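The values are calculated or read from the model by the stated rules, or taken from the named source; none is laboratory data. Please read these numbers as outputs of a predicted model, since none were measured by experiment. Cβ coordinates were reconstructed from backbone atoms using ideal geometry, including for glycine residues, and neighbour counts include every protein chain displayed.
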Amino acid sequence: MINKESGVSNIKNPIAACIDLGSSYFRLLVVDRSRMGGPSELTPLLEERIYIGWGRCLQEDGIITPGEAENALRALRRLVEDSAGAGCDSPVIVATNTLRNAVNAKQTTAMLEHGISLPVEILSQDEEAALSFAGVSSGTGGGHSSIVIDAGGTSTEIVWGVDGTIKGSAGIQLGTHGVRSRMPRGNLRRFSFRSCRDPVRNTADFIREQLDHFKGSQDFAGGKLSFLPPGGERPKIIFTGGTAVSTGILARFMAGSRSVMCESTVMTTRGFDLVRRRVRYAFESGRERFFPLEAERRDLLLPGLALMKGVLDLILADTFHVVARDLRWAVVTRENGRIDTR
């Protein structure tokens, strides 16, 4: 589990940064740790993301092409330069499922490290899950049990714990790119209604099969396919990841909120289903371009919503939270940027 260090006294350089090399986006976070009394009070100096989308290769032959690698290096150089401009010359760079499982991951990692003269740490799925849990928990406070679902581009991590302490986790080799590959090829507008039903059903079945093999999953299952224990306290359900954040933005946009960006959004499952229906209608009518999202995020909406729906169908929760914090927030609050998942 993560070594919990909330204190930030005696830090030589209070400016810390993390770059997360995800399957869809490369994301930078720069913070000034001297300004915080604790992780929940941390205010970012700079946040930036660049769409890469190289996780698609895992749904094909598993090989990162030279063009994708060069595109990744250009994006990474830009984020490293922006980090330096914000005060951190040596950001901690972590990579997740694409560089974990690509056929040529070692060669690609070496090329990236040579191109920026900085190390790239490949997180195991357990490490990714632990850091996601810590990052999300840094903004939600303690004193409660929670389940954190990080629905990513090529994998999904589910972690449960109490008061910031992890009790169990499960890693699933399915993300938005995987769900997208199960949808009919071609114009999503033509297939939105037909193609969203089967992937939701298939996604739930796939997750069910994988969870049966994970130790500790029965802690919440109790012999049933649910993470929620019978009676007593209900865990706080928290989603993070690109699709989850997009869903929170759309929920606020559809409700007429002036500010669609928010660090945390509370949603009911009924409200989520309404958002899904409206998104499908928008794609069928060609109005999805009016969503306050860039084109790359819109393209992953339907498969991402199918992935979230597949998880929600299994955890049987009435309400859940969507948060913008992620594993980067755990990395930047570690002393000297150290990653410790013992």
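Details
- Qualifying residue in region 278-299 (condition: surrounded by fewer than 23 Cβ atoms within 10 Å (Cβ to Cβ), touching an Asp or Glu at 6+ places or on another chain (Cβ under 6 Å) and not in a loop (DSSP other than H, G, I, E, B)): yes
- Some residue of region 253-264 being in contact with a strand residue (DSSP E or B) (Cβ under 6 Å, 6 or more places away or on another chain), modelled with pLDDT under 90 and surrounded by 14 or more Cβ atoms within 10 Å (Cβ to Cβ): yes
- Counting only strands (runs of 3 or more DSSP E) that fall entirely inside region 73-178 and contain at least 1 residues that are touching a residue at least 24 places away in the same chain (Cβ under 8 Å), crowded, with 18+ Cβ neighbours inside 10 Å and hydroxyl-bearing (Ser, Thr, Tyr), the qualifying elements are 145-151, 156-162, 165-172.
Matching residues to (1) out of contact with any strand residue (DSSP E or B) (no Cβ under 9 Å at 6 or more places or on another chain); (2) modelled with pLDDT of 65 or more; (3) within 21 Å of Trp329 (Cβ to Cβ):
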residue: Ile11; (1), (2), (3): yes, no, yes
residue: Gly22; (1), (2), (3): no, yes, yes
residue: Gly38; (1), (2), (3): yes, no, yes
residue: Leu42; (1), (2), (3): no, yes, yes
residue: Gly55; (1), (2), (3): yes, yes, no
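- Hey, Asp219 modelled with pLDDT under 90, within 19 Å of Lys309 (Cβ to Cβ) and part of a helix (DSSP H, G or I) or not: no
- Count of residues meeting criterion [under 15 Å from Phe320 (Cα atoms) and not in a loop (DSSP other than H, G, I, E, B)] in region 253-271: 8
- Each residue in region 52-67 was checked for being crowded, with 19+ Cβ neighbours inside 10 Å and within 15 Å of Ala110 (Cα to Cα), and 1 pass.
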